[in-house]
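The values are calculated or read from the model by the stated rules, or taken from the named source; none is laboratory data. Given the structure is predicted, the values throughout are model-derived calculations rather than measurements. Quick reminder, even Gly has a Cβ in these numbers, built from the backbone with ideal geometry, and neighbours come from all protein chains shown.
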């Protein structure tokens, strides 16, 4: 079954003065998909998020949301998106329900319909018993739930989340992800989120990996890791700078010097490691073998270590 395209981005550029923040990125997001924009700080995630949420107006490239050209139909796009920013947008001096009511009024919701919609969302997010609690008295995890519930009041088809796990403890992160998966399954809502957390990116259906304004990889986490085509070996030495060219010369150019470690991608790595050790027995101080991770994908695509 083919899913409808909810977001389509083609050759998107954006500059802050002379600084080019986005360098011709292209990707698409399908209906009922949790799509993650992963990258280090300065990679271009926030700029892409701001363009999709209509906070920034791009000048080069094409961005379509639910079939609408975002540059020409901002008002129409805003009707169908819910946005949760990284910085809190709740009024701590109001109760949970009062925050919800005022958000509803911004979208023209009133009366019995708004009341029912609030009660439904509070129940869905397990907030009914907290509806009369002042927001400033809630934990960070509960506040994030209120933020997401508030963004869903007008029944958007697309939910945009900017670094949703910021400030949350591990338990609250798990709870939030359970809610996002339930939204995707029950309401067929499409979710795009930005993150610099590799473990969070693993939970997404599909990823776009950004670095220095470029889209360096796109696909599901499992697809991206398969691109490496083997296992990952990390080699430590007293002087990796001297050992690195020797390994390259002896075994080929599939080795990279990443920080203080030598990174090697190799099929049947368990058979290769004895050869490596026997070749350089007095120089190698440590070796670790692992299956490819998303960090390894980033290293493979950029030649540098991921720094969230």
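Determine which member of the set 75, 80, 105, 19 is under 25 Å from residue 144 (Cβ atoms), assigned by TED's automatic domain parsing to the domain that holds residue 178 and out of contact with any helix residue (DSSP H, G or I) (no Cβ under 9 Å at 6 or more places or on another chain).
Values: 75 fails: under 25 Å from residue 144 (Cβ atoms); 105 fails: out of contact with any helix residue (DSSP H, G or I) (no Cβ under 9 Å at 6 or more places or on another chain); 19 fails: under 25 Å from residue 144 (Cβ atoms).
One residue alone meets the criteria, 80.
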Is there a residue being closer than 24 Å to residue 203 by Cβ, touching a helix residue (DSSP H, G or I) at 6+ places or on another chain (Cβ under 8 Å) and in the same structural domain as residue 187 (by TED's automatic domain parsing) anywhere in the stretch 46-59? no
How many of the residues making up the stretch 206-225 are touching a residue at least 60 places away in the same chain (Cβ under 8 Å) and out of contact with any helix residue (DSSP H, G or I) (no Cβ under 7 Å at 6 or more places or on another chain)? 7
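Quick one: which strands (runs of 3 or more DSSP E) lie wholly within the stretch 1-95 and hold at least 2 residues that are touching a strand residue (DSSP E or B) at 6+ places or on another chain (Cβ under 6 Å) and more than 30 Å from residue 131 (Cα to Cα)?
5-16, 19-30, 34-38, 60-65
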Please go through (1) part of a strand (DSSP E or B); (2) over 20 Å from the mean Cα position of the chain (by Cα); (3) crowded, with 16+ Cβ neighbours inside 10 Å for residue 99 and return the number of the only condition it doesn't satisfy. (1)
Which condition from (1) surrounded by 15 or more Cβ atoms within 10 Å (Cβ to Cβ); (2) under 23 Å from the mean Cα position of the chain (by Cα) is the one that residue 55 breaks? (1)
Criterion: touching a strand residue (DSSP E or B) at 6+ places or on another chain (Cβ under 7 Å), surrounded by 14 or more Cβ atoms within 10 Å (Cβ to Cβ) and assigned by TED's automatic domain parsing to the domain that holds residue 127 - qualifying residue of 243, 197, 224, 192: 192
Do you know which residues across the stretch 200-213 are surrounded by fewer than 18 Cβ atoms within 10 Å (Cβ to Cβ) and either in contact with a strand residue (DSSP E or B) (Cβ under 8 Å, 6 or more places away or on another chain) or within 20 Å of residue 53 (Cβ to Cβ) (or both)? 203, 205, 212
Run residue 203 past the list (1) free of Cβ contacts under 8 Å to residues at least 40 places away in the same chain; (2) in contact with a helix residue (DSSP H, G or I) (Cβ under 9 Å, 6 or more places away or on another chain) and report the number of the one that doesn't hold. (1)
Checked against (1) outside any helix (DSSP H, G or I); (2) at pLDDT below 95, residue 271 satisfies every condition except (1)
So which of 164, 170 ends up being buried (at least 20 other Cβ atoms within 10 Å of the Cβ), under 28 Å from residue 29 (Cα atoms) and at pLDDT below 95? 164
Taking the conditions exactly as written (touching a helix residue (DSSP H, G or I) at 6+ places or on another chain (Cβ under 7 Å) and surrounded by fewer than 19 Cβ atoms within 10 Å (Cβ to Cβ)), does residue 132 satisfy them or not? yes
Quick check on my filter: what residues within the stretch 191-219 are in a loop (DSSP other than H, G, I, E, B), at pLDDT 95 or above and more than 19 Å from residue 24 (Cα to Cα)? 202, 203, 204, 205
Complete set of residues in the stretch 249-268 that are at pLDDT below 90 and in contact with a strand residue (DSSP E or B) (Cβ under 8 Å, 6 or more places away or on another chain): 254
Using the structure shown, decide if residue 153 is assigned by TED's automatic domain parsing to the domain that holds residue 101, part of a helix (DSSP H, G or I), in contact (Cβ under 8 Å) with a residue 24 or more places away in the chain and closer than 14 Å to residue 84 by Cβ. no
